[in-house]
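What follows is a single structure, written as structure tokens, with notes after it.
The values are calculated or read from the model by the stated rules, or taken from the named source; none is laboratory data. Nothing here was measured: the structure is a model prediction, and the numbers come from that model. Because the Cβ atoms are built from the backbone with ideal geometry, glycine has one as well, and the counts that use them run over all protein chains shown. Note: areas computed on protein heavy atoms with side chains; ligands, DNA, RNA excluded. Shrake-Rupley method; radii C 1.70, N 1.55, O 1.52, S 1.80 Å.
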Amino acid sequence: MAKDVMLLDELNPQQKEAILCSKGPLLVLAGAGSGKTRVITHKFAHLTKKKKLSPSQIFTVTFTNKAADEMKDRICRCLEDDVRNAWIGTFHSQCNKILRKEIRVLGYKPDFTIYDDDDQCNLVRHILKEFNIYEALYKGVSSRISILKSSLISPEEFLSQGDGFSFDEKLGRVYLKYQAELKRCNALDFDDLIMLTAKLFDEHPKVLAKYTDMFPYILVDEFQDTNLAQYRLLQLMASSHRNVCAVGDDDQSIYKFRGADVSNILNFEKDFPDAQVIKLEQNYRSTQNILDVSGSVIAKNKNRKQKKLWTDKGCGEKIIYCRLNTEDDEAKYVARTIKDLYLKNNYDYDSFAILYRVNLQARAIEDALREEGIPYNVLSGISFYHRREIKDIVSYMRLVVNHDDNVSLRRIINSPPRNIGVATLSKIESEARKNGVSHLAAAQALMKSNSLAASVKEKLGEFIKIINHLTAANYKTAGDMIKDIVEVTGYIEDIEEERLQNIMELSASGDTMPVKDFIEKTSLTPSPLNGSAPVRVAVSLMTLHSAKGMEFPVVFIVGLEEGILPYFKAVGEEAEMHEERRLFYVGMTRAKDILCLASAKKRKLYSKMQDQEPSRFLNDMPKNCCHWVEKTAEVQRASVPPRPVKISPQRTALPYVVGSKVNHPSWGVGIVRDCCGDGDDLKVTVNFSSVGLKRLSVRHAQLEKI
């Protein structure tokens, strides 16, 4: 009893109310940073302790394995008991457990295989080839099939809607064949796990009754991210006892492209007329200025649940918006600001996050951070220079400049696909070893021999011809060479839009640089993950979609321009524009102390410098909460604190490196700003948070390196 009272005492009145409400449908509208996870874990504990439910009687679902594991850990700590065998998991893992026991009634065996995305794409590709449909469409077809399944539309239903002549009719035939092949292989894809469980409960009332009896209470996390199939599953499971608690925030629904349907949370009260609604509006993360600005932006969306977030943290810093000349100036501004805040000893590097709408924006940011010597990690993604398409194009450039580069040849000989098989590659490698020549020279020699079939010679000859053409050309810039590589190889003919945009960005970045300098620059770009684990204390780079669920003391959102944020595809589409606004809102509410927004007047897009208009979302922000800066990069330099003096190459052996931390016996921890002299005259300038800048003699300072 005392433990339970203590747990409730930790909560605010609305959180407490949400936990104590345990009968009937409940919708908890949990605003950003309002302690949603605490409510879920404490509610689970309350249901088991006070309502005497067994942990195995609460059907608890969330969206990622990481979130499910964290939820289990927090519930275990809350209950001081192990609940790892309880039904706490993702929709997919929960449905998998049910289907393993019940799927026989649907004509499958319980030892079914689960196909991942690659397996799904490979099967779709095989079917497209069999139907003589353009094989390169496989990713788009796979995505369409996934969306149909998440909307509970079977192949038969989809075919019945067509006219027999459109592409949708062809898609329907592929979908029908795909499902038949899955069943023949006794396999399910991820979407089947949900769709077939809903089908199981819809068509077999006795099976449904078994599970409604088994789970008298349902707890749903991130309810705004559910699709139609998931919501239908929850409705069926709650159809008897109606004890369902859905926790979510319609303002943070940003996964429409994955099938998430924000109308599920908006229609909850219509589907459950007796539902109680509780709003969690006290924010524990951000300052009031951040909440007021983000709240004003999201308030422009129609058909949303009204919430007014507040905090007792105070107003805090004003939101900074800076408009610069180009994306490179924008990136340099962000990098300088981070460096200055770090050197002032206010924040470590892991306190910073840089958020962007599309991955191609990362290129300029990575360059600027490297120039400043700032460590960074690209989260939930790949560094721009380590993306497959970028490495492919650069490998062409490297092989053209250096014909002995066997690694680059092996990478690109089948990129784009040329059907040069493993046997041919083995012959090339064997010929190279035998004669002590490069793989390219060996391939050229094999073209003159009789050891290759005519069809293989034709394919290999096409590749060698491309390399010879590129070698003979005289390119003024790396950008010119990249454009020619793309044209003569046909690399971009069958690739998706994002990869195409990345190649365009690579080409634009090489427009003023000689080929060899450009290759050297890209070759000297280390992976931000250092080939294994992420840098422990580093700036985080990620897309706005990847930032959901995270928080950082200082957040930068770059590219606040029409066509970038909001994305150009949303223009003229009300539902898509609402999604873009929610995406911006999610990004802003990741910030705890400082929020900086930036945009460029000109940006190079699709190899062309374009004038950029500021994002329409900026008009929604209350100016009294913001500090507006619209200056050139040169003027902006004067507005930031003085830059630290950099150590010259001759001083690299000095004991105190600029940016490192030291501890003083009286003044505590500080950041080294400068180091000069030698021997007994060695002096160091340190910025201490307690007393500011101090210039000290190392001989007498008693500094301890951290």
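Quote the Stokes-Einstein diffusion coefficient, in whole µm² s⁻¹, for the chain, based on the Kirkwood radius over alpha carbon pairs, a temperature of 4 °C and a viscosity of 1.567 mPa s.
The estimated diffusion coefficient comes to 44 µm²/s.
The chymotrypsin sites (Phe, Trp or Tyr not before Pro) of region 140-227 meeting both criteria, a DSSP state outside H, G, I, E and B (loop) and at most 11 other C-beta atoms within 10 angstrom of the site's C-beta, are 165. For region 1-148, the convex hull spanned by the alpha carbon atoms encloses 168 Å³ per residue. Here region 288-387 is described by how far its Cα atoms reach on the three principal axes: 43, 33, 28 Å, from widest to narrowest.
If both residues of a DSSP beta bridge must be in the chain, then about 30% of such bridges are antiparallel. Placing a label point 7 Å from the Cα of residue 472 along the Cα-to-Cβ direction, the residues of region 446-464 whose backbone N falls under 19 Å from that point are 447-448, 458-464. Taking one quarter of the surface of the convex hull spanned by the alpha-carbon atoms of region 139-208 gives a direction-averaged projected area of 5.1 nm².
The mean sequence separation of alpha-carbon pairs under 8 Å and at least six residues apart, normalised by the residue count of region 18-136, gives a relative contact order of 17 percent. Rolling a 1.4 Å probe across the protein heavy atoms gives the chain an accessible surface of 45 Å² per residue. Relative contact order of the chain, taken over Cα pairs closer than 8 Å and 6 or more residues apart, is 15 percent.
For region 557-625, the alpha carbon convex hull comes to 97 Å³ per residue, rounded to a whole number. Here are some pairs, 313/548; 279/601; 459/569; 23/305; 52/592; 149/305; which of them have Cα atoms lying more than 32 Å apart in this structure? From the list (313/548; 279/601; 459/569; 23/305; 52/592; 149/305), the Cα-Cα distance tops 32 Å for 279/601; 459/569; 52/592. Here the accessible area is traced with a 1.4 Å probe on the protein chains. For region 1-147, carbon and sulfur cover 48 percent of it. Annotation: region 379-511 has a Kirkwood hydrodynamic radius of 15.6 angstrom, from the mean reciprocal C-alpha pair distance. Summary value for region 70-160: 12 percent relative contact order, contacts being C-alpha pairs under 8 angstrom separated by 6+ residues. The alpha carbon radius of gyration of region 178-292, expressed as a multiple of 2.2 N^0.38 Å, is 1.30. Solvent-accessible area of region 433-528 (1.4 angstrom probe, protein heavy atoms only): carbon and sulfur portion equals 52 percent.
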